[in-house]
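Notes follow once the structure below has been shown.
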Amino acid sequence: MSDINVLSVIVAAVAGFVTSIVWYMIFGAELNRQRGANAAATEQPPPWKMVVELVRTAVLVLVVAYFIAQQDIDDLAGALQLGIIIWIGFPAIILSGSVLWENVPVKLAAIHAGDWLVKLLIITLVLGLWL
């Protein structure tokens, strides 16, 4: 992990966090419709939840940075490829399971899957081109 640039991790974490905020601002109305009775869950979250989400994103960035360093990725194509592979292997599979087994509406899972895809691509691009 000593090959990982701390500044790139901070920038990627903030970029991923902001990307998610923008994503849910865009898709918030549809998210509310899909959640139905739980629509209030998408109102302005308390500050402590935003801090926890930033920490969660930072942990994600550290894991991705580790993968990038281990694979010696230093170009756009490699970064995008890793982002897509991570997305398919983890969030897409987990969210499809929630649709299959927990009756989560497909549109709701798709909103979250889209957030994960965009966030992972932004994170891998920042790290892949910087590390």
*Among residues other than V22 whose Cβ falls under 11 Å from its Cβ, what is the net charge (Lys/Arg +1, Asp/Glu -1)?*
0
_Two-site label geometry, R33 and D72: point separation in nm, points 7 Å out along Cα→Cβ_ = 5.0
*From the backbone phi of region 15-31, what are the Karplus-calculated ³J(HN,Hα) couplings (6.51 cos²θ - 1.76 cosθ + 1.60, θ = phi - 60°) in whole Hz, Gly and Pro given as x?*
4, x, 5, 5, 4, 5, 4, 5, 4, 6, 5, 5, 9, x, 5, 5, 4
*asked:* Explain nothing, just compute: Karplus ³J(HN,Hα) = 6.51 cos²θ - 1.76 cosθ + 1.60, θ = phi - 60°, for every residue of region 118-130 in order, whole Hz, x for Gly and Pro.
replied: 5, 4, 5, 5, 4, 4, 5, 5, 4, 5, x, 8, 9
*If you place +1 on the Cβ of every Lys and Arg, -1 on the Cβ of every Asp and Glu, and leave all else neutral, what size is the dipole of the chain about its Cα centre, to the nearest 20 Debye?*
440
*Can you tell which of P45, W116, A12 lies farthest toward the positive end of the dipole of region 6-130, using +1 and -1 charges on the Cβ of basic and acidic side chains (Lys, Arg; Asp, Glu)?*
P45
*Within 10 Å of each residue's Cβ, count the other Cβ atoms and sort L60, L76, L54 from fewest upward.*
L76, L54, L60
_Which GluC sites (Glu not before Pro) in region 25-131 sit in a loop by DSSP (not H, G, I, E or B) and have at most 13 other Cβ atoms within 10 Å of their own Cβ?_
E43
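Listing T124, T57, T19 from the residue with the fewest other Cβ atoms within 10 Å to the one with the most, what is the order?
Numbers: T124 29, T57 21, T19 18.
Ranking T124, T57, T19 by Cβ neighbours within 10 Å, fewest first, gives T19, T57, T124.
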*List, largest first, the extents of the alpha carbons of the chain along their principal axes, each in whole Å.*
47, 32, 21
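Each value in this text was obtained by applying a stated rule to the coordinates, not by laboratory testing. Keep in mind the model is a prediction, meaning the values are calculated, not measured. All Cβ positions, glycine included, derive from the backbone under ideal geometry; neighbour counts span all protein chains shown.
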